[in-house]
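I have placed the structure first, in the form of structure tokens, so that the comments after it can refer back to it.
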Amino acid sequence: MKDKCGVIYQIQCECDKTYTGETGRAFGIRQNEHRCSILRNDSSSSKLAEHCNEFLHWPKFDESKILATGSSRFVRRIKEDIVRDKEGERSINKNRAINLKGQVRDMVAIGRLTM
Ligand SMILES: [Zn+2]
């Protein structure tokens, strides 16, 4: 799982809020970057770090999950938005408005964009 590239992942905080992110690189590398950002108190590089440093929380890294895959950044961002939207108030991320256009809207409509 840690070596898997092109993923939408979720990291749970100890307070039960969730962070949802995407990366084209290996999940394990991105997760380590989050860990380092929290330890360095570097909120600018990670929303998760911002949350943890503000509330003095620590994520349950061993329970983090890969929710979906996507070979292009565009598709990953759409899936990420859908997951964040589902999480609602539990989401640590600032949610973006989901705005499906053109080809992606058509893929969702005919059920081709699957998680
Ligand atoms: Zn928390």
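Each reported figure results from applying straightforward, stated rules to the coordinates on display, with no laboratory input. Everything quoted here is computed from the prediction, not taken from an experiment. Please note: Cβ atoms are built from the backbone with ideal geometry, for glycine as well, and neighbour counts cover all protein chains shown.
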Skipping prolines and chain starts, which residues have an amide H placed within reach, meaning under 5 Å, of the one on THR69, given they are 5 or more residues away or on another chain?
ILE8
Evaluate the distance, in nm, between pseudo-label points positioned 7 Å from the Cα of ALA26 and of ASN41 along their respective Cα→Cβ axes.
3.1
Residue-ordered couplings for segment 44-55, obtained by feeding phi - 60° into the Karplus form 6.51 cos²θ - 1.76 cosθ + 1.60 and rounding to whole Hz (Gly and Pro as x), are 6, 9, 7, 5, 5, 5, 4, 4, 5, 6, 5, 9
With 10 angstrom as the radius, rank ARG84, ARG30, ARG73 by how many other C-beta atoms surround their C-beta, starting from the fewest.
ARG73, ARG30, ARG84
Phi to ³J(HN,Hα) by Karplus 6.51 cos²θ - 1.76 cosθ + 1.60 over segment 57-72, Hz, x for Gly, Pro:
9, 9, x, 8, 4, 6, 9, 5, 10, 9, 9, 7, 10, x, 6, 10
Compute the Kirkwood hydrodynamic radius of segment 7-109, taking the inverse of the mean of 1/r over all pairs of distinct Cα atoms, and give it in Å to one decimal.
14.1
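Fully extended, how many nm does the chain gain between GLU63 and LYS86 (0.36 nm per residue separation, minus their Cα-Cα distance)?
Extra length from GLU63 to LYS86 when fully extended: 6.4 nm.
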Quick one: Cα centre-to-centre distance for segment 25-41 and segment 42-59, in angstrom?
11
